[in-house]
Amino acid sequence: MRYHLKQIYCRPWTLNGLSLKLIESHYENNYGGALRRLNAITRELESLDFAKAPGYVVNGLKREELSALNSTLLHELYFASLGGDGKPTKALADALARDFGSVDRWRSEFVAMGNALSGGSGWVVLVYVPRDCRLVNQYASEHSQAVAGGIPILALDMYEHAYHLDFGANAKAYVDAFMRNIDWKAVEGRWEDACKVEPPRPLVQEEFGDLPGVGVEEVKAMLDAGRPVQFIDARPRHYVSRTQDIIEGATWRDPERVQEWMGELSKSEPVVVFCVYGFHVGCRAAIALSEAGFDAKYMKGGHSGWRAIGGPVRMNG
């Protein structure tokens, strides 16, 4: 496999405060160098006998491949980020305001991250995360760092080769020049494409598809706010007997005897039931309560999910 050079997306002679000499040197020497290194590494990997190769050789080549490939991709995004007037489009302005509080707040964070890398090396990347359907600013000190599952849409190169010819050690002036030249229309196109990427498929328990569930964070917020809720620990008896803790505010009930203890509950207050991990046991108990006329939900993630968010527990017994 051979990786191919991509043309400069911006018109470097029209940039405000970034010289043609700087952009050409960056493109030819640094981007081109990363691409040449990537192809050289690829050739070595293609000729390698993986069944006989020492582990350190495999690790070294794959580590260098990751760094060279990310360097290539980020440089392509960097050049594609330039060539505009630095003014966010309305769609991007709305998205930045939604995810950061305001465009100014986003800009302040992005610029501060770039300035913090001055005198060092790395990238500042605006990334869309399909999992959460939101934008985040990502710091990367090496080419091998990335938000897992994130889609980069804007990249600021903070390695010295990106600014030294024009600005010397004045990295702050370079960051300001970069911000003036962002092509937000192109960024918007990449953001629109990223938004089309579906988030990871959610967990679906088909047999309990109609049963309403509630997240551990929401349950904790209900309890913290003092809202009335009957919080039922329906972990199996054999499991509870081996554990040391129970969620603060919850009452353990044997899930095998739901019909016996449901009469002690009030139908005027909601019921939240949980088991160990938020699967079958808690769901079955919630279904039994719902069928009996209770406003019952199961807690997603169960006891384990509660502990994962640092929810309060007390000693059992």
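Figures for the structure shown
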{"quantity": "Alpha carbon centroid spacing (whole Å) that separates region 261-317 from region 36-108", "calculated": "44"}
{"quantity": "Share of carbon and sulfur in the accessible heavy-atom surface of the chain [1.4 Å probe, %]", "calculated": "51"}
{"quantity": "Simple spin-label estimate for LYS62 and ARG131 in nanometres, 7 Å along Cα-Cβ", "calculated": "2.1"}
{"quantity": "Where labels lie 7 Å past Cα in the beta-carbon direction, separation of LEU165 and MET179 in nm", "calculated": "2.5"}
{"quantity": "Spatial extent of region 137-203: Rg and Dmax, with the Cα atoms as the point set, Å", "calculated": "15.4, 52"}
{"quantity": "Environment charge of GLY263, counting only residues whose C-beta is closer than 12 Å and scoring Lys/Arg +1, Asp/Glu -1", "calculated": "+1"}
{"quantity": "DSSP bridge pairs, the chain: antiparallel proportion in percent, nearest 5", "calculated": "60"}
{"quantity": "Spacing of the two label points (7 Å from each Cα toward its C-beta) at VAL103 and GLU206, in nm", "calculated": "4.8"}
{"quantity": "Distance violations [Cα-Cα > 23 Å] among LYS220/LYS300; LYS90/LYS196; LYS21/LYS172; LYS62/LYS172; LYS220/LYS297; LYS6/LYS172", "calculated": "LYS62/LYS172; LYS6/LYS172"}
{"quantity": "Expected 222 nm ellipticity per residue - DSSP helices of 4 or more, -39500 (n - 2.57), all of the chain, to 500", "calculated": "-12500 deg cm²/dmol"}
{"quantity": "Mean Kyte hydropathy of 0.0 or more with a Cα span along the axis of at least 30 Å, helices from DSSP in the chain", "calculated": "55-80"}
{"quantity": "Å² per residue, accessible surface of the chain at 1.4 Å", "calculated": "53"}
{"quantity": "Cα-derived Rg to Rh of the chain, Kirkwood definition", "calculated": "1.14"}
{"quantity": "LYS6 - accessible surface, heavy atoms, 1.4 Å probe, Å² rounded to 10", "calculated": "90"}
{"quantity": "Summed side-chain charge close to VAL129 - residues other than VAL129 whose Cβ falls under 13 Å, Lys, Arg +1, Asp, Glu -1", "calculated": "-1"}
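The values are calculated or read from the model by the stated rules, or taken from the named source; none is laboratory data. These numbers come from a predicted model, not from an experiment. Please note: Cβ atoms are built from the backbone with ideal geometry, for glycine as well, and neighbour counts cover all protein chains shown. We work out accessible area using only protein heavy atoms, side chains counted, and drop any ligands, DNA or RNA first. Shrake-Rupley method; radii C 1.70, N 1.55, O 1.52, S 1.80 Å.
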